[in-house]
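**Q** Please find one structure pasted underneath; my questions will follow.
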Amino acid sequence: MSNENFYSKLESFRDFGGITDDTCFGSIPPDWKVIITDLKGSTQAIEAGRYKDVNTIGSACIAAVQNSMGDMEFPYAFGGDGASMVVPPGSVEGAVRELRRLQVLSTEKFGLELRVGMIGVDALLREGRRLEVARYELAHGKCVAIFRGGGLMLADEKIKSDGGVYDITGDAAGEADLTGLSCRWSELPHKNGKILSLLVLSRSPTPATTYQGILSEMRTIFGGELHRISPVNLPAARYKTMAQCFREERRLHGSMFSPTFARRCLEIVAAVLIFRHRVPAMVFDPSKYSESMRVQSDYRKFDDMLKMVIDCSHEQAEKLRSHLEGLLEQGQIYYGLHESEAALMTCYVQSTDDGKHIHFIDGGNGGYAMAAKQMKLQMKDKSAPA
């Protein structure tokens, strides 16, 4: 009998350094399923200036699956142009149904082809990869998943390279439930000089030591605790106009005449009045909610590699790049580092209460996807014959 609540029962940790602490992790049950989503041709779409659309669909994958599961927690990781999710067997049917619907919406409303593949945890274990997870607590009641063991990376490789063997199938009729998903804030401008989208993959036989060393060096470079690098610069951000919000909301629905779309339009009117025009709110404190948005943002995470979106000075960026270059030359890591002027934030809000919303962060102009492109070139160069 599978433990459907395995993930929610794990003890959480608050210090990001816990990503290297063995005691924080548990092995995901073998009958759970790994679901990997990504947008085909995302690099070309990003280079054409469509990185906001790419981020929206990547975040929509998580929102659709979470809405199919109600309040049940499950481990996932937002990757910019897609997502990695691990779901218990009792939730697979609903997750697949919503993702099939999202595939249709992505093609029809965004002109982007969403690839969705699924593989069992047991299949990854048979190939000698572990799939372990921990819960990093952003705020009381809100955690993000930390993955290690190589299983997630193997699942990603197999799904993207095996010619559709792992592609999901099933009925795609109906409208994807994207309740709570929104992208109503304009780009978040930097406050220190630039935004970095960082990926680091250890090549060391002792990866925990490598990551610990990198985090320690980053604390030195950035002057203390890593929360100081957060790119969630809400005081300088602007809420989008009513027209922009309506235009973007239309693409998240199959029909403009559904009750769901009507409710969302009413939400937009209220949100624009509160956050853009500063009309006093009647039922919640906007300033408190804005502060909780900063805390409940996933700008730093780990899913078989270190991922961060960093707001820093030009000098700090060069110090970090120099340190990473040294580790690359020593054969300790591969890395990707993409610079931009702003960060992007896509929101999934089940409620404005603390612990009931999460804000997915990526760097501007492609962020993680462009950093991944750089890292793949490093891996290709190192594997080429001398």
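The values are calculated or read from the model by the stated rules, or taken from the named source; none is laboratory data. Every value quoted in this text rests on a predicted model; they were computed, and no experiment measured them. Backbone-built Cβ (ideal geometry, glycine too); neighbour counts: all protein chains shown.
**Q** Taking region 311-331 as the search range and keeping residues that are of a type outside the set (A, V, I, L, M) and buried (at least 20 other Cβ atoms within 10 Å of the Cβ), which one is farthest from Gly363 (Cα to Cα)?
**A** Gln316
**Q** Among Arg148, Arg129, Arg135, which is touching a Leu at 6+ places or on another chain (Cβ under 9 Å), closer than 21 Å to Lys356 by Cβ and either touching a residue at least 24 places away in the same chain (Cβ under 8 Å) or of a type in the set (A, V, I, L, M) (or both)?
**A** Numbers: Arg148 fails: closer than 21 Å to Lys356 by Cβ; Arg129 fails: closer than 21 Å to Lys356 by Cβ.
Exactly one residue qualifies, and that residue is Arg135.
**Q** Going by the structure shown, is Gly111 free of Cβ contacts under 8 Å to residues at least 24 places away in the same chain, surrounded by fewer than 18 Cβ atoms within 10 Å (Cβ to Cβ) and closer than 24 Å to Tyr368 by Cα?
**A** yes
**Q** A further question follows. Among the residues of region 206-219, is any of a type in the set (S, T, N, Q) and in a loop (DSSP other than H, G, I, E, B)?
**A** The answer is yes, given that some residue of region 206-219 is of a type in the set (S, T, N, Q) and in a loop (DSSP other than H, G, I, E, B).
**Q** Let me ask something else about it. If a residue must be of a type in the set (A, V, I, L, M, F, W, C), without any contact (Cβ under 8 Å) to a residue 24 or more places away in the chain and closer than 18 Å to Leu178 by Cα, how many such residues does region 262-285 contain? Quick ask: steps written out before the conclusion?
**A** Let us first name the residues in region 262-285 that are of a type in the set (A, V, I, L, M, F, W, C), namely 262, 265-266, 268-275, 279, 281-284.
If we keep only those that are without any contact (Cβ under 8 Å) to a residue 24 or more places away in the chain too, we end up with 262, 265-266, 270, 273-274, 279, 281-283.
Adding the requirement that they be closer than 18 Å to Leu178 by Cα leaves 262, 265-266.
Selection size over region 262-285: 3.
**Q** Further, regarding this structure: So is Arg300 touching a Phe, Trp or Tyr at 6+ places or on another chain (Cβ under 7 Å) and over 15 Å from Arg238 (Cα atoms) or not?
**A** yes
**Q** Kindly provide the set of residues from region 147-192 that are over 19 Å from the mean Cα position of the chain (by Cα), in a helix (DSSP H, G or I) and aliphatic (A, V, I, L, M), ordered by number.
**A** Scanning region 147-192 gives no hits.
**Q** Name the single residue, out of those in region 354-386 being out of contact with any His (no Cβ under 7 Å at 6 or more places or on another chain) and modelled with pLDDT under 90, that is surrounded by the most Cβ atoms within 10 Å (Cβ to Cβ).
**A** Only one residue tops the list, namely Lys382.
**Q** Follow-up question, since we're still on this one. For a quick check of your reading: which strands (runs of 3 or more DSSP E) sit entirely within region 4-93 and have at least 2 residues that are of a type in the set (Phe, Trp, Tyr)? Quick ask: steps written out before the conclusion?
**A** Numbers: elements: 33-39, 76-78, 82-87.
Once the strands (runs of 3 or more DSSP E) in region 4-93 are filtered for at least 2 residues that are of a type in the set (Phe, Trp, Tyr), what remains is 76-78.
**Q** Select from region 179-230 the residues that are small (Gly, Ala, Ser) and in contact with a Ser or Thr (Cβ under 8 Å, 6 or more places away or on another chain) and list them in ascending order.
**A** Ser182, Gly193, Ser197, Ser202, Ser204, Ala208, Ser230
**Q** How many of the residues making up region 130-146 are modelled with pLDDT of 95 or more and not in a strand (DSSP E or B)?
**A** Count: 1.
**Q** Has region 37-57 got at least one residue that is in contact (Cβ under 8 Å) with a residue 40 or more places away in the chain, in contact with a Leu (Cβ under 7 Å, 6 or more places away or on another chain) and closer than 25 Å to Thr210 by Cβ?
**A** No, region 37-57 contains no residue that is in contact (Cβ under 8 Å) with a residue 40 or more places away in the chain, in contact with a Leu (Cβ under 7 Å, 6 or more places away or on another chain) and closer than 25 Å to Thr210 by Cβ.
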